[in-house]
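Taking it in order: structure first as structure tokens, then the write-up.
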């Protein structure tokens, strides 16, 4: 019988029943599904993985080679013969981080991987296929923005730290995300992140919008719709909503693609502990959003925080980019 590796997973309070009930109530009240709920079951994780494999640039030969070459090109920016911690925020299946770990093995005197995700199934998938020894892996099941998670990452660490955000920036409010990172990253920590881009000729709003429209089919498709509406079936409210719609909105100078349904009746939704959320016919329930950035607007955003852009690499079709940032001590 083949041996199955065992991974002791740390589970933080973001995944407690009481926390989930409160978050479910709050997101229904504000009319917007918290991203964590799109990965909370094995079936949702499977549906997401199917979307990822079908539409992510990483999953074709050119995209994979772009990540492989880029992550290799980051190594010269790092000092060799030091202990490193790679901390993956929202690791998913971990495929991109695995490529990076294989490069880091060559220069690190010691290497540990802290991988954090909200999906147990994706977290296990990432651990099972990790290229380093399982004793060097610390899997954490948690929301990356949860207070306990952030506090745990502030504790003493063994060496230089590299944080990765692969595929996370588009689906979280970037201002909320970077405010949270400010409480975690120490001076000289590195941040490697990917961003979905709108392919643009210029940085004008008109070209930006045209670039967003050119990638809508990556979201307005049967696979993505099935994944995003699974939450409605899971919560037993699918028959109370209608008119799934993909549209373009703007928030804080960034365009984003939004998926929305609408309540088709008046009434209320029971949400545990005797609570109910009133609903009104015609009011929207936003299921999802995905920011699409431009290079200049994103780097202007980085300049508002304590980061130095060391390098960037842009995919040939201008739909994806990877940035290497270094956290700097704030100056008065």
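If you go through the range 44-53 one residue at a time, do you hit one that is more than 17 Å from the chain's Cα centre (by Cα), loosely packed, with under 14 Cβ neighbours inside 10 Å and assigned to a helix (DSSP H, G or I)?
First, pick out the residues of the range 44-53 that are more than 17 Å from the chain's Cα centre (by Cα): none.
Looking for residues that are more than 17 Å from the chain's Cα centre (by Cα), loosely packed, with under 14 Cβ neighbours inside 10 Å and assigned to a helix (DSSP H, G or I), one finds none in the range 44-53, hence no.
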Might you let me know whether the range 38-59 holds any residue that is closer than 25 Å to residue 7 by Cα and at pLDDT below 95? yes
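Do the conditions hold for residue 206, that is, is it free of Cβ contacts under 8 Å to residues at least 60 places away in the same chain and in a helix (DSSP H, G or I)?
yes
Take residues that are within 30 Å of residue 66 (Cα to Cα) and tell me which of the strands (runs of 3 or more DSSP E) falling wholly in the range 261-332 contain 1 or more.
284-292, 307-314, 320-327
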Considering 144, 114, 140, 162, which residue is part of a strand (DSSP E or B), out of contact with any helix residue (DSSP H, G or I) (no Cβ under 6 Å at 6 or more places or on another chain), under 24 Å from residue 20 (Cβ atoms) and touching a residue at least 40 places away in the same chain (Cβ under 8 Å)? 140
Note on residue 176: of the conditions (1) exposed (fewer than 14 other Cβ atoms within 10 Å of the Cβ); (2) free of Cβ contacts under 8 Å to residues at least 60 places away in the same chain; (3) not assigned by TED's automatic domain parsing to the domain that holds residue 320, unmet is (3)
Among the candidates 200, 192, single out the residue that is under 16 Å from the mean Cα position of the chain (by Cα) and closer than 18 Å to residue 291 by Cα. 192
For the range 273-286, indicate whether the set of residues that are outside the structural domain of residue 180 (by TED's automatic domain parsing), at pLDDT below 95, in contact with a helix residue (DSSP H, G or I) (Cβ under 8 Å, 6 or more places away or on another chain) and surrounded by fewer than 13 Cβ atoms within 10 Å (Cβ to Cβ) is non-empty. yes
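Would you confirm, using the coordinates I've provided, whether residue 244 is closer than 30 Å to residue 162 by Cβ and either assigned by TED's automatic domain parsing to the domain that holds residue 48 or not in a strand (DSSP E or B) (or both)?
When the stated conditions are applied, residue 244 does not pass them.
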Can you name every residue in the range 58-74 that is surrounded by 14 or more Cβ atoms within 10 Å (Cβ to Cβ) and touching a strand residue (DSSP E or B) at 6+ places or on another chain (Cβ under 9 Å)? 58, 63, 66, 67, 70, 71, 73, 74
Out of the range 165-192, which residues are part of a helix (DSSP H, G or I) and out of contact with any strand residue (DSSP E or B) (no Cβ under 9 Å at 6 or more places or on another chain)? 175, 176, 179, 180
Positions within the range 117-137 being in a helix (DSSP H, G or I) and buried (at least 16 other Cβ atoms within 10 Å of the Cβ), in sequence order: 120, 121, 122, 123, 124, 125, 126, 127
From the list 206, 213, 300, exactly one residue is assigned by TED's automatic domain parsing to the domain that holds residue 170, modelled with pLDDT of 95 or more and either surrounded by fewer than 18 Cβ atoms within 10 Å (Cβ to Cβ) or farther than 21 Å from residue 54 by Cβ (or both). Which is it? 300
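Would you pick out the residues in the range 1-37 that are in contact with a strand residue (DSSP E or B) (Cβ under 7 Å, 6 or more places away or on another chain), assigned to a helix (DSSP H, G or I) and at pLDDT 95 or above? Step through it out loud before you land on a result.
Keep residues of the range 1-37 that are in contact with a strand residue (DSSP E or B) (Cβ under 7 Å, 6 or more places away or on another chain), which gives 7, 9-12, 15, 25, 28-29, 31-33.
When the remaining residues are screened for being assigned to a helix (DSSP H, G or I), the result is 15, 25, 28-29.
Matches in the range 1-37: 25, 28, 29.
The values are calculated or read from the model by the stated rules, or taken from the named source; none is laboratory data. Keep in mind it's a predicted model, so treat the numbers as computed, not measured. Here Cβ is always computed from backbone atoms with ideal geometry, including for glycine, and neighbour counts include all displayed protein chains.
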